[in-house]
1. Would you mind listing the strands (runs of 3 or more DSSP E) fully within the range B:1-50 where at least 2 residues are within 11 Å of chain A (Cβ to nearest Cβ) and more than 13 Å from B:Gln64 (Cα to Cα)?
2. Being assigned to a strand (DSSP E or B), surrounded by fewer than 20 Cβ atoms within 10 Å (Cβ to Cβ) and within 14 Å of chain B (Cβ to nearest Cβ) is the filter here; which residues of the range A:92-116 pass it?
3. For residues in the range A:74-91 being touching an Asp or Glu at 6+ places or on another chain (Cβ under 6 Å) and either farther than 18 Å from A:Gly16 by Cα or of a type in the set (S, T, N, Q) (or both), which is most open to solvent (accessible area, probe 1.4 Å)?
4. Residues being open to solvent by less than 40 Å² (accessible area, probe 1.4 Å) and touching an Asp or Glu at 6+ places or on another chain (Cβ under 8 Å): count how many of those fall in the range B:32-47.
5. Do we have any residue at all in the range B:88-108 that's part of a loop (DSSP other than H, G, I, E, B), within 9 Å of chain A (Cβ to nearest Cβ) and open to solvent by less than 60 Å² (accessible area, probe 1.4 Å)?
6. Checking the condition buried (at least 18 other Cβ atoms within 10 Å of the Cβ), farther than 29 Å from A:Ser9 by Cβ and touching a residue at least 40 places away in the same chain (Cβ under 8 Å), which residue from B:Leu74, B:Leu29 passes?
Amino acid sequence: GAVVSQHPSWVICKSGTSVKIECRSLDFQATTMFWYRQFPKQSLMLMATSNEGSKATYEQGVEKDKFLINHASLTLSTLTVTSAHPEDSSFYICSRTGVGGSYEQYFGPGTRLTVT
Amino acid sequence: GQQVMQIPQYQHVQEGEDFTTYCNSSTTLSNIQWYKQRPGGHPVFLIQLVKSGEVKKQKRLTFQFGEAKKNSSLHITATQTTDVGTYFCAGGSGGSNYKLTFGKGTLLTVNP
């Protein structure tokens, strides 16, 4: 069964508003989780690494103040898209690593964000 | 930074034909992973290769990691309609760094 959940699965918001996406590790306490963005028919672009109890590590070109990441517990990481604009419309997917330090990643079902 | 190139971008085959997608990294990798994403779905982990020259099989799927640990391939024998989806390779640097660099993916469509 699923090991990572995301909520909501899709959301439509108006330009200028903020949207929070939750990512939960269901079976494992994850100190590290990842947030990706995927445009239609394109690859996954890593946005940031979410670290439990500390600040997220953002990839080059990703605006920290726009994409707020909080990893307050070992099973929950959140991504907040602040002051959303239509160009932020995308598929946002989170993931966690495997158990015992293994490198494979397990992805959530993704959140489809549409900003009108 | 690390770049992972993947070809072809698209591949359309008749059911029963074979399929191969190739990945090439700009740097030596610690590990390479393969994922499958069905249309409308999320990436699902298939396999991880860590050793130079490693070959792993999963039923009709054969995965290879190059001797220099910079390239990899996924070969599907006798494709089925259930194989439809986008196949991504992802390179890892290893150590304490769990980040992956994904290739652009190969979209496989299968004509029944």
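The values are calculated or read from the model by the stated rules, or taken from the named source; none is laboratory data. The structure presented is a predicted model; accordingly, all values stated were derived computationally and were not measured. Neighbour counts are summed over all protein chains in view; Cβ atoms, including those assigned to glycine, are modelled from backbone coordinates with ideal geometry. The accessibility values were calculated without ligands, DNA or RNA, using every heavy atom of the protein model including side chains. Shrake-Rupley method; radii C 1.70, N 1.55, O 1.52, S 1.80 Å.
1. Values: elements: B:4-7, B:10-14, B:19-25, B:31-37, B:44-49.
Once the strands (runs of 3 or more DSSP E) in the range B:1-50 are filtered for at least 2 residues that are within 11 Å of chain A (Cβ to nearest Cβ) and more than 13 Å from B:Gln64 (Cα to Cα), what remains is B:4-7, B:31-37, B:44-49.
2. Of everything in the range A:92-116, just one residue is assigned to a strand (DSSP E or B), surrounded by fewer than 20 Cβ atoms within 10 Å (Cβ to Cβ) and within 14 Å of chain B (Cβ to nearest Cβ), namely A:Arg112.
3. Here the answer is A:Leu74.
4. Start the filter on the range B:32-47 by keeping residues that are open to solvent by less than 40 Å² (accessible area, probe 1.4 Å), which leaves B:32-37, B:41, B:43, B:46-47.
From what's left, touching an Asp or Glu at 6+ places or on another chain (Cβ under 8 Å): B:33.
Adding up the residues that qualify gives 1.
5. yes
6. Details: B:Leu74 fails: farther than 29 Å from A:Ser9 by Cβ.
Testing whether each residue is buried (at least 18 other Cβ atoms within 10 Å of the Cβ), farther than 29 Å from A:Ser9 by Cβ and touching a residue at least 40 places away in the same chain (Cβ under 8 Å) leaves just B:Leu29.
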